1. Principal axis extents for the chain, Cα atoms only, whole Å, descending order, please.
2. Using only helices, what value at 222 nm comes out for the chain when you add -39,500 (n - 2.57) per DSSP H run of length 4 or more and divide by the total residues, to the nearest 500 deg cm²/dmol?
3. Mind pulling the per residue volume of the convex hull built on the Cα atoms of region 185-265? Å³ is fine.
4. Can you run phi through the Karplus equation (6.51, -1.76, 1.60; θ = phi - 60°) for region 233-239 and list ³J(HN,Hα) in whole Hz, with x for Gly and Pro?
5. Cut-off 10 angstrom, C-alpha nodes, Gaussian network model of the chain. Which of 138, 171, 78 fluctuates the most?
6. Please report, in whole Å, how far the alpha carbons of region 84-183 spread along each principal axis, starting with the longest.
7. Report the net charge of residues surrounding residue 57, where surrounding means a beta-carbon distance below 14 angstrom and charges are Lys +1, Arg +1, Asp -1, Glu -1.
8. Quick one: pull the percent of accessible area on region 171-256 belonging to carbon and sulfur, 1.4 Å probe, ligands and nucleic acids left out.
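The values are calculated or read from the model by the stated rules, or taken from the named source; none is laboratory data. Predicted, not measured: the structure shown is a model, and the values here were computed from it. So basically every Cβ, Gly included, is an ideal-geometry build from the backbone, and we count neighbours across all protein chains shown. Protein only, heavy atoms only, side chains kept; ligands, DNA and RNA dropped before computing areas. Shrake-Rupley method; radii C 1.70, N 1.55, O 1.52, S 1.80 Å.
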Amino acid sequence: MSFFREMFSSKEPEKITNPVESKNPLKSEHLKEGVSPIIASVATPEQIKEYPGEEKILYETEKLKDQSKNRNVDYYGDPTDLVIQNFKNRGEYSYVISPIDKLNKFSMSFRNCTGLVATGQEKETGENISFLSHEDPDHFLSNKEKKMKFQSDLKEQLEELKEKSKEGTVDVVIVGGNYFENERDYKENYMGSIKLLSDEVSHVFGFEPVVMTGPKTTSGGADNIYYDNEHRRLYIARPEVGNTTTESFVPNDIENQKKKWKGKL
């Protein structure tokens, strides 16, 4: 199993041209001293089953069903039911954005979809609050109207988190996605999704979200994630680990990461 965000490259970042990028989120420079960033552990389903740690909850169906502790961000759920439960949603195969609360969150089968995990410390209680999204770039990048609706819903959720959270306690990370070198649509969807998510977070909070793991590049399959809200721990199960595609990076360094995925850096 691999742990990310606790270790990062000692290589100096390239020259920064965007003011919001002066805070290096890989080094948690956007957080106040003593505030933990989101830390992730990443493993294959086989590793989790052979060496079960906290990640095993991704396969403990009965525990996940406990709605007093866990919130299912179900991309494949009924759109009407999702809206009743206060999820932001625009119909089947679009996106789902959870409410902001103190519950743990999980979401299954991130294939081409990306996701955003955002957390902060509530002003009144000091306790962690969070939301999780699961979105299909093929939906919100397909036309201007759909893109604007997604941006509006995401911005509203980000601004609500900012309003409710103590300054210097908010952290945001990106998960999921596919990037297949010989398939243009997948590449454009991934790049477009990372840019849009990063831009929206940067506009509201003034820092880029960390891309916690890169995209799947050599196989299909899916990422499953579980977010432990209290401890800011993110558990990710994905088909392959231990290569450059599971490295954490910031969006403004994505061109260098692409070279790594191709084995050219």
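1. 47, 44, 38
2. Details: 7 runs with 71 residues, N = 265.
Helix-only estimate at 222 nm: -8000 deg cm²/dmol.
3. Details: hull volume 8.9 nm³, N = 81.
Value for region 185-265: 110 Å³ per residue.
4. Values per residue, Gly and Pro as x: 10, 10, 10, 10, 10, 9, x Hz.
5. 78
6. 48, 27, 24 Å, listed from the longest principal axis down.
7. Working: positive: 49, 56, 63, 65, 69, 71, 105, 233; negative: 54, 55, 60, 62, 66, 228, 230.
Net charge around residue 57: +1.
8. The value for region 171-256 is 44 percent carbon and sulfur by accessible area.
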